[in-house]
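To start, the structure under review is shown below, and the notes come after it.
The values are calculated or read from the model by the stated rules, or taken from the named source; none is laboratory data. In this text, all values refer to a predicted model and were calculated from it rather than measured experimentally. Positions of Cβ are generated from backbone atoms using ideal geometry, with glycine treated the same way; all protein chains shown enter the neighbour counts. What goes into the accessible areas is simple: the full protein's heavy atoms, side chains included, and nothing from ligands, DNA or RNA. Shrake-Rupley method; radii C 1.70, N 1.55, O 1.52, S 1.80 Å.
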Amino acid sequence: MHYHKEKNHLVIEIDERIQGMTLLEFFHYLHLSKKTIHLLRQNKDYTLNNTYVDYQIILKDKDILSIKAYEQGRDFVEQESSLDIIYEDDLLCIVNKPSNLIIHPDDKSKKDTLCNYVSYYYQQTHQDLPIRYLHRLDRDTTGLVMFCKCALLQPYFDALIASKEIKKTYLAIIQGHLPKREMTIDLPIGQDRHSKNKMCISKTGKDALTHFKEIKTKGNYTLIECQIETGRKHQIRVHLNSLHHPLIGDQLYGKSSPFINRMALHAYRLEFVHPLSNQPMMIECPLPFDMEKILK
């Protein structure tokens, strides 16, 4: 479907993929809550072909649906930064998070987080929108973080993440070499009883599944691709540690490295289906310099 932002409305041209649905069915497709649908109807915050209609109407090809979809007001303090935008449209802003940076502050009056940098970027590009991250990365992990610009569609993206329909791929550098070029670790992860900051392999832990693939070797170091089927805390780090091949620079599960001042982990690729265009999306972010130089 073709779509564009028009002030605080999302304007969508219905296509053959959606035609035949009722408007209510389309709202359900977008994962809108009963409360949201009720408010849209109560406030008459949508039109079909410039007319407010009942939500049981059947959508037709080329119909123009306009829905109030955007909130206003940046809710984090703006802080200047040379933010690396990897992808952006009217729904999403996907950025490359640098190392030694957390996603959000514990108090919205504070600074020095990725949300503050995104808030500054929105200010500079005249986007008066709340800052809504869809997932997080550890402080030391670099790479792709998704921000949802359209409040109406945040539940849709949240549902994609919850159902693992946004495929996340990481690149990591480990000490030594994997036992096999491709392997899967299926071991449950739970809290380490001896350290509140650590996780560990535990029979009573939650299911955790990670796929590893060797990409390149340099001496006693290996660049690997990691795909996670589950989203457990420290999952990649714990599973690699269970193989006795911890991440280089991971001081919590391994040891410090003279070659890098953080753990060598990078969120490299995101894959998902765009909710409106229905196009497969593959967003990639190059390996950062501090990891790349280890392999030269």
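Tabulated data for the structure shown
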| quantity | calculated |
| --- | --- |
| Residue in region 193-206 that is under 23 Å from Leu144 (Cα atoms), in contact with a helix residue (DSSP H, G or I) (Cβ under 8 Å, 6 or more places away or on another chain) and in contact (Cβ under 8 Å) with a residue 12 or more places away in the chain present | no |
| Selected residue (only one of Asp207, Asp140 is of a type in the set (D, E, K, R) and buried (at least 17 other Cβ atoms within 10 Å of the Cβ)) | Asp140 |
| Residue list for region 143-180, restricted to those being modelled with pLDDT of 95 or more, open to solvent by 10 Å² or more (accessible area, probe 1.4 Å) and closer than 28 Å to Ser256 by Cβ | Tyr170, Leu171 |
| Residues satisfying the stated conditions in region 132-142, i.e. within 14 Å of the chain's Cα centre (by Cα), modelled with pLDDT under 95 and charged (D, E, K, R) | Arg136, Asp138 |
| Every residue from region 59-91 that is in contact with a helix residue (DSSP H, G or I) (Cβ under 8 Å, 6 or more places away or on another chain) and within 18 Å of Tyr29 (Cβ to Cβ) | Leu59, Leu65, Ile67, Lys68, Ala69, Leu91 |
| Selection within region 22-52 - part of a loop (DSSP other than H, G, I, E, B), over 29 Å from the mean Cα position of the chain (by Cα) and either of a type outside the set (D, E, K, R) or within 18 Å of Pro275 (Cα to Cα) (or both) | Asn43, Asn49, Asn50, Tyr52 |
